[in-house]
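The values are calculated or read from the model by the stated rules, or taken from the named source; none is laboratory data. All values derive from a computational prediction rather than experimental measurement. Positions of Cβ are generated from backbone atoms using ideal geometry, with glycine treated the same way; all protein chains shown enter the neighbour counts. For accessibility, only protein heavy atoms count, side chains too; no ligands or nucleic acids. Shrake-Rupley method; radii C 1.70, N 1.55, O 1.52, S 1.80 Å.
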Amino acid sequence: MRLRIKFSKTGSMKFIGHLDIMRYFQKALRRAGIDVAFSGGFSPHMLMSFAQPLGLGATSSGEYFDLDVNSCGTTAEIREKLNAQMVPEIQVLQVVKIPEDRASKGMTLVAAADYLVRFRDPSLLPEHWREELQKFLGQEQIFVIKSGKNGEKEWDIRPFLYQMEAREDGLFLRLSAGSQNNLKPETAAEAFAAFLGVRLPEHALMIHREELYAETAAGGFIPLGELGEELE
């Protein structure tokens, strides 16, 4: 049986990297007494996979990992057992049962992500930045410099910038995500700042991921947690 677990990561836990978060959950699963399935071989490990690692320093209310179990009670019971082992900055929000085929894995399905991006110093941007947003989005192409194994190259991010709206002192972004064409919120925000003639200093942004999505057959998006069902 395979479960999909949604959790939040806030507060000081934003400084804990992906590998340590994985170890944290492994220990929590043992303490909670969850009947986790293990791989075979000389070095057995828990059968778990995270949908998309979160960047260090970012918070989130929409993180997911898939977990294989041998048996379980209700999904509500699993959520309660895990939260009894959690620190306040990490909370399990949802547990659902999902299909066990490879195509249903979260890391395979991720196609988009929602972010809230706030500026530590809003005065860095000109007062009229909200009015300039539609002009920025009205461009047919938005080029940024992307560094890779073969050096730097220009990348047009406009096709992967699905939505961008002003939210108080920051931006709401829906961006392409996953193993291909993964657009980071920092890249989109810095491109907008450059359009305004502003070069953002290091650590100028506060990033919160709200949700991860799979793409539907009709070309829309659905949260990963809605692709499963609760066990009563």
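Read through the list (1) under 22 Å from residue 54 (Cα atoms); (2) modelled with pLDDT under 95; (3) open to solvent by less than 20 Å² (accessible area, probe 1.4 Å), then give the number of the only condition that residue 125 fails.
Among (1) under 22 Å from residue 54 (Cα atoms); (2) modelled with pLDDT under 95; (3) open to solvent by less than 20 Å² (accessible area, probe 1.4 Å), the lone unmet condition for residue 125 is (1).
So, in segment 162-204, of the ones that are among the aromatic types (Phe, Trp, Tyr) and within 18 Å of the chain's Cα centre (by Cα), which residue ends up nearest to residue 130 (Cα to Cα)?
Among them, the one singled out is 172.
With the requirement that a residue be loosely packed, with under 14 Cβ neighbours inside 10 Å and without any contact (Cβ under 8 Å) to a residue 24 or more places away in the chain, what does segment 89-122 give you?
Of everything in segment 89-122, those that are loosely packed, with under 14 Cβ neighbours inside 10 Å and without any contact (Cβ under 8 Å) to a residue 24 or more places away in the chain turn out to be 101, 102, 103.
Can you name the residue in segment 50-75 that is of a type outside the set (Val, Ile, Thr) and surrounded by fewer than 16 Cβ atoms within 10 Å (Cβ to Cβ) and is also nearest to residue 225 (Cα to Cα) among such residues?
Selected residue: 53.
Looking at segment 128-143, which of the residues that are buried (at least 17 other Cβ atoms within 10 Å of the Cβ) and of a type in the set (Phe, Trp, Tyr) is modelled with the lowest pLDDT?
The residue in question is 129.
Go through segment 164-173 residue by residue and tally those that are open to solvent by less than 60 Å² (accessible area, probe 1.4 Å) and at pLDDT 90 or above.
6
Would a scan of segment 26-40 turn up a residue that is of a type in the set (Ser, Thr, Tyr), in contact (Cβ under 8 Å) with a residue 40 or more places away in the chain and over 30 Å from residue 193 (Cα atoms)?
No, every residue in segment 26-40 fails to be of a type in the set (Ser, Thr, Tyr), in contact (Cβ under 8 Å) with a residue 40 or more places away in the chain and over 30 Å from residue 193 (Cα atoms).
For segment 174-219, which residues satisfy the criterion of being basic (Lys, Arg) and modelled with pLDDT of 95 or more?
Matches in segment 174-219: 174, 184, 209.
Considering only residues that are open to solvent by 50 Å² or more (accessible area, probe 1.4 Å) and in a helix (DSSP H, G or I), look in segment 182-228 and name the one that is nearest to residue 90 (Cα to Cα).
By that ranking, first place goes to 226.
Consider residue 179 carefully, then state whether it is surrounded by fewer than 11 Cβ atoms within 10 Å (Cβ to Cβ), under 19 Å from residue 55 (Cα atoms), touching a residue at least 24 places away in the same chain (Cβ under 8 Å) and of a type in the set (Ser, Thr, Tyr).
Taking the combined requirement at face value, the residue satisfies it.
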